[in-house]
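Report on one structure; see the data block that follows.
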Amino acid sequence: MASIKPLQDRIIVKRFESEEKTASGIFIPDSAKEKPMEGEVIAVGPGRTYDNGNKMELTVKVGDRVLFAKYAGTEIKFDGQDYLIMREDDILGVVTK
Amino acid sequence: MASIKPLQDRIIVKRFESEEKTASGIFIPDSAKEKPMEGEVIAVGPGRTYDNGNKMELTVKVGDRVLFAKYAGTEIKFDGQDYLIMREDDILGVVTK
Amino acid sequence: MASIKPLQDRIIVKRFESEEKTASGIFIPDSAKEKPMEGEVIAVGPGRTYDNGNKMELTVKVGDRVLFAKYAGTEIKFDGQDYLIMREDDILGVVTK
Amino acid sequence: MASIKPLQDRIIVKRFESEEKTASGIFIPDSAKEKPMEGEVIAVGPGRTYDNGNKMELTVKVGDRVLFAKYAGTEIKFDGQDYLIMREDDILGVVTK
Amino acid sequence: MASIKPLQDRIIVKRFESEEKTASGIFIPDSAKEKPMEGEVIAVGPGRTYDNGNKMELTVKVGDRVLFAKYAGTEIKFDGQDYLIMREDDILGVVTK
Amino acid sequence: MASIKPLQDRIIVKRFESEEKTASGIFIPDSAKEKPMEGEVIAVGPGRTYDNGNKMELTVKVGDRVLFAKYAGTEIKFDGQDYLIMREDDILGVVTK
Amino acid sequence: MASIKPLQDRIIVKRFESEEKTASGIFIPDSAKEKPMEGEVIAVGPGRTYDNGNKMELTVKVGDRVLFAKYAGTEIKFDGQDYLIMREDDILGVVTK
């Protein structure tokens, strides 16, 4: 199966599905659904190389559950799936158990 | 319980509740409530690593009471709670006893 | 009494009260009052540390009378008092006797 | 046949054709066609030389299948063909088999 | 008498009065008066210290007659007088006899 | 005959004439003519000297056929001729035989 | 006679007069006159000193005939004459015989 290798400090995130129902069980129409600001890291780039030659590894790992701003990154469709490609700097935090 | 680990120079703040009543005891409707510019630090990132390899630790600590501009940071909801994720540079000052 | 410790190159200023009357003694309504561009320094941060590790101390001191642009800094209310938090670079000059 | 040699960190991409029909076989009029965010790398520049003299080679290769934002790069027509010229930094990821 | 000490690379300028009359002797109403782009340097800052520790002295001196763009600097009123506070980089040139 | 020597990393380009007729032979009115994104390099600057003293020679040569974005550079008229003056960084690619 | 000494990397240019008549001898009203993008260098600054202490001399000389963008620089009136003060980087090229 083809996969995507992100470049430099970019990562690929699969956004979690938005809640189907409110806490009290009412169905939410698509148009009113909030875009979740959470997702799982699917792939990470090799890290960024700066003009002074220094290379900065990424800290997030594949499988991490991450938080990001609502409109962070670029939405792409690949093999029928929706993904987000963003820079590590767009990640607000990693959810730890 | 899951928790959020902020990245780089980001911190997580729990904004204080806005005043329910005016000084003279009048109830304030939600729509008129001022967003407090104060809150408590819940978690701090490891600090920022610059492209020259230097690493800058953060000065604010968990538990610090901090002041920040009204629209600083990104609002997120996590485990049903509202938090703010911002960079340390968004903190205007720390309240000391 | 709680006090505010500014971070990095930030300082806290108490803006002087605007003139109640014109030079010729006419009362000025609040709405027409000019925001004074002068105030007293209440607290100063430790100075700014740059990404190359160099640290730059601040030159203004607590108690200095300073001039600043009309809309410089962020207005905050703390313990019922109004203050301005700004960066030292927002200070146009120090008034010397 | 004349060809184009991109400069510095620029690359030339041939955008894939947009789908003629929907998954369920309905013809898509040109005006409604989504601009594919995928294409093949046709030519790569020598890499970027920075003001400190360091030179950064490119990581994408001729023949790579790449993903990019919808409006990335500059559209040019050359020898009757449409191409996109963009910087490597506009490439979101490389599709690997 | 109190005076103002500018910080870093700032200078204080007293703008020359605009012409009362046209060359042919006609009085110019205030509203139509051009803001002169000339003035005298009243005070100079100590110079700018950069993040690499280098300090850059200023080249303009107190008493210099200088040219500046119409809207350069910040207008302040001090002891009933109008002054302009600007950075040395806002000075277009020095008028020499 | 007078000629123009570009400074630093600037180059002078003579834009190719836009097509008089469509592929099928229909005359194109001036107003509808596409601005060609191709031209010939007429003169090149000495290259750019950076603040660290490093000097970067230009890679394009006089006589090169180059591609550039539609609105790149500044249009000037000199000795009755129209030219474009742009920085080398505005050049998307060089056409090689 | 007083003269103007430009600071840092600034130069003073006397813009050439715009054509009075079209090539076919028709008088051009002021409002329709194109602002020439050519002029003569009247004075040059000492060159720019960067924050790393390096100093960059200017390459244009007094008396050079130069080309610049239509709206480059700041227009000033001095001793009844109109001049342009601009940075050397605003100069597109030098006209050589």
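The values are calculated or read from the model by the stated rules, or taken from the named source; none is laboratory data. From a predicted model like this one, the values you see are computed outputs, not experimental measurements. Glycine also receives a Cβ, built like all others from the backbone with ideal geometry; neighbour counts cover every protein chain displayed.
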* Filtering segment A:29-42 down to residues that are closer than 16 Å to A:Ala72 by Cβ and not basic (Lys, Arg), which residue is modelled with the lowest pLDDT? -> A:Glu34
* Structure fact -> In the set G:Gly80, G:Gly53, G:Gly47, the lone residue that is touching a residue at least 12 places away in the same chain (Cβ under 8 Å) and not hydrophobic (A, V, I, L, M, F, W, C) is G:Gly47
* Only residues that are part of a loop (DSSP other than H, G, I, E, B) and either modelled with pLDDT of 90 or more or surrounded by 13 or more Cβ atoms within 10 Å (Cβ to Cβ) (or both): list them for segment C:54-70, please. => C:Asn54, C:Glu57, C:Leu58, C:Thr59, C:Val60, C:Lys61, C:Val62, C:Gly63, C:Asp64, C:Ala69
* Can you name the residue in segment B:78-97 that is modelled with pLDDT of 90 or more and more than 14 Å from chain C (Cβ to nearest Cβ) and, of all such residues, is surrounded by the most Cβ atoms within 10 Å (Cβ to Cβ)? -> B:Ile85
* Of the residues in segment F:8-36, how many are hydrophobic (A, V, I, L, M, F, W, C) and either loosely packed, with under 10 Cβ neighbours inside 10 Å or free of Cβ contacts under 8 Å to residues at least 40 places away in the same chain (or both)? -> 6
* To do: Please enumerate the residues belonging to segment C:38-66 that are under 18 Å from C:Val13 (Cβ atoms) and touching a Phe, Trp or Tyr at 6+ places or on another chain (Cβ under 6 Å).
  => C:Glu38, C:Gly39
* Test G:Asp51 against the criterion of being assigned to a helix (DSSP H, G or I) and within 25 Å of E:Gly47 (Cα to Cα), and give yes or no. => no
* Just a yes or no: is a residue in segment E:44-53 within 14 Å of chain C (Cβ to nearest Cβ), surrounded by 13 or more Cβ atoms within 10 Å (Cβ to Cβ), more than 26 Å from G:Lys55 (Cβ to Cβ) and among the small types (Gly, Ala, Ser)? -> no
* For segment C:1-40, name all the residues that are touching a Gly at 6+ places or on another chain (Cβ under 7 Å) and within 12 Å of chain E (Cβ to nearest Cβ). => C:Asp9, C:Ile11
* To do: Taking the options C:Ser18, C:Ser31, name whichever one is polar (S, T, N, Q) and part of a helix (DSSP H, G or I).
  => C:Ser31
* **Condition check for A:Val62: within 25 Å of D:Arg65 (Cα to Cα) and under 18 Å from the mean Cα position of the chain (by Cα)** => yes
* Asked: So, of the residues in segment D:5-15 that are modelled with pLDDT of 95 or more and outside any loop (DSSP other than H, G, I, E, B), which turns out to be farthest from A:Gln81 (Cα to Cα)?
  -> D:Lys5
